[in-house]
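To start, the structure itself, in structure tokens.
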Amino acid sequence: MSDRKTTFIPVVRTATMRGQLDLIAIERAVNGRAPEGMTGLELHEAARILVANGGSATTISTQLRVPAERLCRWFPELVTVPLGDYVCGTPRAYRRHLKLGERCATCCGANSARDRDRKYGRAA
């Protein structure tokens, strides 16, 4: 993401609420203010906006105070998330998810693609 101090991402246009979402709180969180008292839906919407604006998983995780693993569940196809020494979308992370009993669509897809490549003799 570019410099947060110069880039302002507008969220609120005319209404301050959309269903159960407080758009003002989302706008504050997206633009760098601490997201205190936000619901899970509001955090998800703020993360979606940041992902759409090219935010990295670590930046979004730090800014919204959301665990990186939750971002991986919310946006499996958009975000690669460092999990300690593991990065989602690798065989090593797939085995880690299996060991912990987790399901990660990014890792499952990457492992399936790797298995297909091995089966049909393509270079891995």
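The residues listed here are ARG122, ARG28; of these, the one that is open to solvent by 30 Å² or more (accessible area, probe 1.4 Å) and at pLDDT 80 or above is ARG28. Exactly one residue out of LEU41, LEU21 is open to solvent by less than 70 Å² (accessible area, probe 1.4 Å), among the aliphatic types (A, V, I, L, M) and at pLDDT 80 or above, and it is LEU21.
Scanning region 44-68 for residues that are surrounded by fewer than 17 Cβ atoms within 10 Å (Cβ to Cβ) and within 22 Å of CYS107 (Cβ to Cβ) returns ARG48, SER56, THR58, THR59, PRO67. The residues of region 23-45 that are under 13 Å from THR62 (Cβ atoms) and among the small types (Gly, Ala, Ser), listed by number, are ALA29, GLY32, ALA34.
The values are calculated or read from the model by the stated rules, or taken from the named source; none is laboratory data. Not measured: the values here are computed from a predicted model. For neighbour counting, all protein chains shown are included, and Cβ atoms are generated from backbone atoms with ideal geometry for every residue, glycine included. Just so you know, the surface numbers come from the protein's heavy atoms only, side chains and all, with ligands and any DNA or RNA stripped out. Shrake-Rupley method; radii C 1.70, N 1.55, O 1.52, S 1.80 Å.
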